[in-house]
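Beneath this line is the structure, given in structure tokens, with notes to follow.
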Amino acid sequence: MKCPNCGKHIGIEVPECPACGHTNPLAKKHNENIKKYDKRFKKTQDNVITSAQKTEGVGIRGGIFAILVAVIVILAFVWGFVIAASEGETDEDRERDALKNKTKYSAQMRDLLEEGDYITFESFLLQHNIPLNSEPYKEFQRLEYVANRYYTCVQLWEKIILRSDDPDYWDSSETDISNLCMYLDSFMEVYEYNVKVEKNEDIAAYMEDMNSDIRAMLRRYLQMTDDEVDEFLGYSQAKKAVAMEEILLREVPEDE
């Protein structure tokens, strides 16, 4: 960010500008956010672990998604921090940096894909404004179409599954479910097209892996079999939303 007094570049966490001594108005807020994040992550982690322990028969991928849902909390915070910290840095600046460091960044992107960390992969593309129409990034272009929808689906699952139980908190679950159904359809459409036309076998395999993860989410959180997932994916967006609301938002009797 830039100092509001002298315009020099300073870190968001620095309490005073080293050039002019002016108080950094964002530093206090940043430190408060750090503390809130620590508490939120602990609560989120506990909720996810408890949920995972109560759910049986979902296989390894179900467990992976319990972890992913927790991780997305971290990523949401980190991405917000990146945006704040890079205030004043333009998209063009980040794109030039991406081209300057293309060997390094493309290698890091491949490492993330090898690890199956598609969430961080997508965050990396956004953070560095990777120009996917330029070499050597072009090979990831089709994959990004799929990863982008995948990333959004996971974000929405986090909001729905870990929604606040505070009665005074506005519950956006119905809207989030509607948006999730829209992005599920978008994911399936983009995935089915691109996996067929992608010539790079490794890239196609990553797309297949993301599709497997999306299906695992449905099996886990909607308690569906593979056949039921197939049937669910064939529903209209409106019918998907109704089905999800019945499962996820139903009131549980106190004596259960």
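Quick one: Karplus J couplings for region 93-103, per residue in order, coefficients 6.51, -1.76, 1.60, θ = phi - 60°, nearest Hz, x for Gly and Pro?
Once θ is set to phi - 60°, the couplings for region 93-103 become 4, 5, 5, 4, 5, 5, 6, 5, 10, 4, 5 Hz.
For the residue pair K8 and K138, what label-to-label distance in nm results when each label sits 7 Å from Cα along the Cα-to-beta-carbon direction?
Going by the 7 Å Cα→Cβ label model, 4.5 nm.
Starting with the fewest neighbours, write out L132, L180 ranked by other beta-carbon atoms found within 10 Å of each beta-carbon.
Details: L132 15, L180 25.
Taking fewest neighbouring Cβ atoms as first place, the list is L132, L180.
Computed over the Cα atoms of region 190-249, what is the convex hull's projected area averaged over all directions, in nm²?
4.4
In whole Hz, with x marking every Gly and Pro, tabulate ³J(HN,Hα) for region 143-160 from phi via Karplus 6.51 cos²θ - 1.76 cosθ + 1.60, θ = phi - 60°.
So the J values, rounded to whole Hz, are 4, 5, 4, 6, 4, 4, 5, 4, 4, 5, 4, 5, 4, 5, 4, 4, 5, 6.
Taking Cα pairs under 8 Å and at least six residues apart, what relative contact order does region 89-248 come out at, in percent?
After rounding, I find 21 percent.
Which ³J(HN,Hα) values, rounded to whole Hz and listed in residue order, are derived for region 230-240 from phi using the Karplus coefficients 6.51, -1.76 and 1.60 in 6.51 cos²θ - 1.76 cosθ + 1.60 with θ = phi - 60°, glycine and proline given as x?
Values, residue by residue: 4, 5, 4, 5, x, 5, 5, 4, 5, 5, 4 Hz.
Take the Cα pairs of region 89-248, get the Kirkwood Rh, then feed it into Stokes-Einstein at 20 °C and 1.002 mPa s and tell me D in µm²/s.
On the way: Rh = 17.1 Å.
The calculation lands on 125 µm²/s.
Could you work out how far apart the two model spin labels at D202 and D91 are, taking each label as a point 7 Å from the Cα in the direction of the beta carbon, and quote it in nm?
For D202 paired with D91, the spin-label model returns 2.9 nm.
Mind listing the long-range amide H neighbours of E16? Cut-off is under 5 Å, sequence gap 5 or more, other chains count too, H placed in the peptide plane at 1.01 Å from N.
Long-range HN contacts for E16: N24.
Report, in debye and to the nearest 20, how large the dipole of region 89-248 comes out about its Cα centre when Lys and Arg carry +1 and Asp and Glu carry -1 on their Cβ.
480
Treat each spin label as a single point 7 Å out from the Cα along the C-beta direction, and report the V242 to E16 distance in nm.
Spacing of the two 7 Å Cα→Cβ label points: 6.5 nm.
Every number here is computed from the coordinates shown, using simple stated rules; none is lab data. This one's a predicted model, so the numbers in the text were calculated from it and none came from an experiment. Backbone-built Cβ (ideal geometry, glycine too); neighbour counts: all protein chains shown.
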